[in-house]
Amino acid sequence: MLGGMIPVEERRAALRSLLRKGAARTQGELRRSLLDEGIETTQPVLSRDLQLVGAAKLEGRYVLPGGERVTPLETLRALLRGAKASGPHLVVVTCEPGAASAIARALEAEALAGLVGTVAGDDTVFVATSSQAASGRVRRRIRELV
């Protein structure tokens, strides 16, 4: 779809979602990511959208400044201890004492497909998933970092 053929709010919401993931270094990368979500746009429209959503370049990546800051999971890797399944829709993530809330927010910010939500204790995070496959994705992501 061309950028003008979908609601502007939908295009900008998708852009905000991508920016929260912090994955884009260039507008070209953002355009490709939007296209992966079925949203085709032009560089001038994307540039204007970036300005209107308040995006800025920080440390070489486009970000949405302000609001709640979430430490990336990659940065918290030293606090992780492991992850195991507890049924088809629940993953138990263990971490250092006091780190569970930060780990839970970082997991949610990664927006892994099928992650429904988290509940954090002190050194344990329960991760609810929509499927057994999603549970496997969460476990693999944690194991990549441990």
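No value in this document is a laboratory result; all are computed from the given coordinates. Not measured: the values here are computed from a predicted model. Backbone-built Cβ (ideal geometry, glycine too); neighbour counts: all protein chains shown.
Things worth noting here:
- Equivalent ellipsoid semi-axes - Cα gyration tensor, the stretch 74-145, angstrom: 17, 12, 11
- Total charge dipole magnitude, the stretch 3-63, about the Cα centre, Cβ charges on Lys, Arg, Asp, Glu only, Debye to nearest 20: 240
- Computed log₁₀ I(q)/I(0) - Debye formula, equal Cα scatterers, no solvent, the stretch 29-109, q 0.14, 0.16 Å⁻¹: -0.70, -0.82
- Reduced Cα scattering model of the chain, Debye log10 I(q)/I(0), q = 0.09, 0.12, 0.18, 0.21 Å⁻¹: -0.33, -0.57, -1.00, -1.15
- Computed helical MRE - 222 nm, the chain, DSSP H runs ≥ 4 contributing -39500 (n - 2.57), nearest 500: -12500 deg cm²/dmol
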